[in-house]
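To keep things clear, I will list the structure first and then write my remarks on it.
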Amino acid sequence: MLKLAARVGRAKPSAIMVVAEKAKRLKAEGRDIISFSIGVPNFLPGAHVYEAARKALEHDSGQYGSNRGSDALLDAFLKHIEQVGMTGYTRRNCAVGIGAKGVLYNLMEVLLDEGDAIAFPTPYWTSYVDIAEILGAQIQLLPCPATQHYKLTPAQLDAALAQKPKVFLFNNPSNPTGMVYSRDEIAALADVLVRYPDTWIITDDIYNRMVFDGVGYHNFVMARPELRERVIFMDSCSKTYGMPGWRIGFVAAPEVVANAVVTMNSNHITNLPEITTAAALAALAGPQDVPAQKNIEFQDHRDRVVAALKAIPGVVCPQPQGAFYVFPDISCAFGKTHDGKLIGNDVDLCNALLDAKGVACVPGVAFGEPRALRISYTCPANQLDEGLRRIREFFAELK
Ligand SMILES: Cc1ncc(COP(=O)(O)O)c(C=O)c1O
């Protein structure tokens with residue numbers, strides 16, 4: 001009998017896309033749908049990025065390129081990360097990938113054999129679980145509920161690392177919670193990490209430029225430079241520059257890891273296309289006014305969402321300080337009904353909200369936290385306000 005590989009049986013389609021697809025279908029049927037579901041920045045890069053891509057097209061060599069990424073792009077990336085405090089890296093520490101997701105997939109292949117353990121906090125970005133499962137890794141979840149502001153504590157990290165996972169995966173600012181760790185919080189976690197030298201540390205920090213309230217971006221290597229030998233920093237053009245479809249991701253890591261990612265690239269993707277490379281270079285090195293303006297706008301959106309949710313009795317809404325997500329605990333609705341339909345869990349709530357009010361959110365269970373839902377707030381302000389009004393109305397109608 002013809003059979004697919006066992007790993008395919010472990011692969012699941014993205015839970016986020018399931019909601020997005022339903023919202024799209026309802027929209028196509030003529031329903032007035034407001035989507036808070038997909039994590040897209042909802043803006044386009046500056047004109048200079050398109051100009052660079054057009055120029056590259058005119059001068060296209062049509063040839064294969066570097067498996068690591070072009071020297072010019074890596075240099076622009078190095079300057080870019082220096083601006084947020086990730087200093088002392090060279091081209092040999094870096095590699096590009098097809099988006100941060102492609103980089104992460106490569107990294108997990110590079111670091112994890114089947115059966116090896118990877119630890120990460122819950123709520124988590126969905127692909128962490130999906131990729132780990134495809135690769136047959138053991139997943140060690142570290143629950144961080146709303147009551148602890150969805151943040152990992154040093155004691156939790158200590159207990160988790162004592163079990164000797166091969167990899168600890170950390171995400172700051174967080175998708176789905178929008179939480180950002182302060183300098184002191186990072187330092188306290190870094191103090192724990194130095195005591196467990198056999199665990200690799202991946203910091204998926206692709207939202208590092210999307211930080212509000214002046215808290216700044218902090219990484220373990222800034223707190224404890226000796227961790228540079230084990231910390232693997234991921235970045236991407238997707239969110240910061242409004243370029244999710246361009247598929248540009250980066251890693252800065254110990255040389256041995258970067259070299260292994262380059263080897264994976266040579267077998268998976270070969271290189272980033274010249275046009276994409278030129279666009280990425282222009283985004284990183286060119287004017288930063290589009291992302292800067294968007295950051296101001298998103299902070300305002302964050303304020304609107306949090307204010308609206310805090311006004312709903314029973315909803316618990318920890319204050320996010322980055323990315324573009326809010327992750328309220330909505331478990332106060334469980335056991336109630338809307339229009340006669342029982343809200344037993346987060347999936348019921350998201351379905352009822354979409355059916356009754358045309359607002360699409362992602363159930364928290366997709367991120368390992370079934371008491372919550374995720375709101376992605378990058379849509380225009382008028383849509384945002386209308387969607388929030390409908391959510392308030394929905395909760396007021398619960399019986
Ligand atoms: C935390 C996190 N990491 C990685 C990615 C993947 O980004 P990219 O578009 O660069 O593949 C996402 C995208 O949603 C994300 O939220």
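Once amide H atoms are built 1.01 Å from N in the peptide plane, which residues 5 or more positions from Ser236, or in another chain, come under 5 Å H to H?
Long-range HN contacts for Ser236: Phe250.
First measure r as the distance between the Cβ atoms of Asp339 and Ala311, then evaluate 1/(1 + (r/R0)^6) with R0 = 25 Å and state the FRET efficiency to the nearest 0.05. Walk me through the numbers on the way to the answer.
Numbers: r = 22 Å, r/R0 = 0.88.
E(calc), rounded to 0.05, equals 0.70.
Taking the Cα-to-Cβ direction at Arg392 and at Gln299 and moving 7 Å from each Cα, how far apart do the two end points lie in nm?
Label-label distance for Arg392 and Gln299, simple model: 2.4 nm.
For the chain, what is the percent of antiparallel DSSP beta bridges, rounded to the nearest 5? Provide the component values of the computation, followed by the final result.
Numbers: 18 of 37 bridges.
Rounded to the nearest five, the antiparallel share is 50 percent.
What does the convex hull of the alpha-carbon atoms of region 1-103 project to on average, in nm²?
Values: hull surface 51.6 nm².
Averaged projected hull area, Cα only: 12.9 nm².
Pop out the ³J(HN,Hα) list for region 279-291 in order, Karplus 6.51 cos²θ - 1.76 cosθ + 1.60 with θ = phi - 60°, rounded to Hz; leave Gly and Pro as x.
Taking θ as phi minus 60°, the curve returns 5, 5, 4, 5, 5, 6, 9, x, x, 10, 5, 5, x Hz for region 279-291.
Using a Förster distance of 41 angstrom, determine the FRET efficiency expected from the C-beta separation of Asp385 and Asn351, and round it to 0.05. Walk me through the numbers before you get to the answer.
Details: r = 23 Å, r/R0 = 0.57.
About 0.95, to the nearest 0.05.
Identify the GluC sites (Glu not before Pro) of region 360-397 meeting these criteria: DSSP loop state and at most 14 other C-beta atoms within 10 Å of the C-beta. Could you put the intermediate results ahead of the total?
Working: sites: Glu386, Glu393, Glu397; in loops: Glu397.
Here the sparse-neighbourhood loop sites are Glu397.
For the chain, what is the charge dipole size about the Cα centre, in debye to the nearest 20, if Lys and Arg each add +1 at the Cβ and Asp and Glu each add -1 at the Cβ? Mind showing how you got there, number by number?
Details: 40 positive and 42 negative charges, 135 e Å.
The calculated dipole for the chain is roughly 640 debye.
Sequence-distant or interchain residues sharing an amide H contact under 5 Å with Gln138, placed H: which?
Residues meeting the amide H criterion: Gly115, Asp116, Ala117, Ile118.
Which lysines have a Cα lying under 26 Å from the Cα of Lys12, excluding residues fewer than 8 positions away in the same chain?
Partners found: Lys3, Lys22, Lys24, Lys27, Lys101, Lys166, Lys239.
Using amide H atoms built 1.01 Å from N in the peptide plane, name the residues 5+ places from Arg374, or on other chains, whose amide H lies under 5 Å from its own.
It is Val362, Gly364, by chain and number.
How about region 18-82: which GluC sites (Glu not before Pro) there lie in a loop by DSSP and see at most 12 other Cβ atoms within 10 Å? Before the final figure, lay out each step's value.
Details: sites: Glu21, Glu29, Glu51, Glu58, Glu82; in loops: Glu29.
In loop regions of region 18-82 (DSSP not H, G, I, E or B), the sparsely surrounded GluC sites (Glu not before Pro) are Glu29.
Please go through region 47-88 and write out the chymotrypsin sites (Phe, Trp or Tyr not before Pro) that DSSP classes as loop and that have at most 12 other C-beta atoms within 10 Å.
Numbers: sites: Tyr50, Tyr64, Phe77; in loops: Tyr64.
Taking region 47-88 and a limit of 12 other Cβ atoms within 10 Å, the loop chymotrypsin sites (Phe, Trp or Tyr not before Pro) found are Tyr64.
In the Gaussian network model of the chain, springs joining C-alpha atoms below 10 Å, which of Ala356, Ala28, Ala187 carries the largest mean-square fluctuation?
Ala28
So how far apart, in nm, are the two label points at Gln63 and Leu4 if each is 7 Å from Cα heading toward Cβ?
3.9 nm
At 7 Å along the Cα-to-beta-carbon direction for both Arg183 and Glu21, put a label point, then send me their distance in nm to one decimal.
The modelled label-to-label distance comes out at 4.7 nm.
Using the Cα centre of region 47-285 as the reference point, and only Cβ charges (+1 on K/R, -1 on D/E), how large is the resulting charge dipole? Debye, rounded to the nearest 20.
Working: 18 positive and 25 negative charges, 55 e Å.
That gives a dipole near 260 debye.
What does the charge count near Ser35 come to, summing +1 for each Lys or Arg and -1 for each Asp or Glu among other residues with Cβ under 9 Å from its Cβ?
Details: positive: Lys24, Lys27; negative: none.
Charge balance in the 9 Å sphere: +2.
Read-outs: derived from the displayed coordinates by stated rules, not from any lab. Everything quoted here is computed from the prediction, not taken from an experiment. We place every Cβ from the backbone using ideal geometry, glycine too, and count neighbours over all the protein chains shown.
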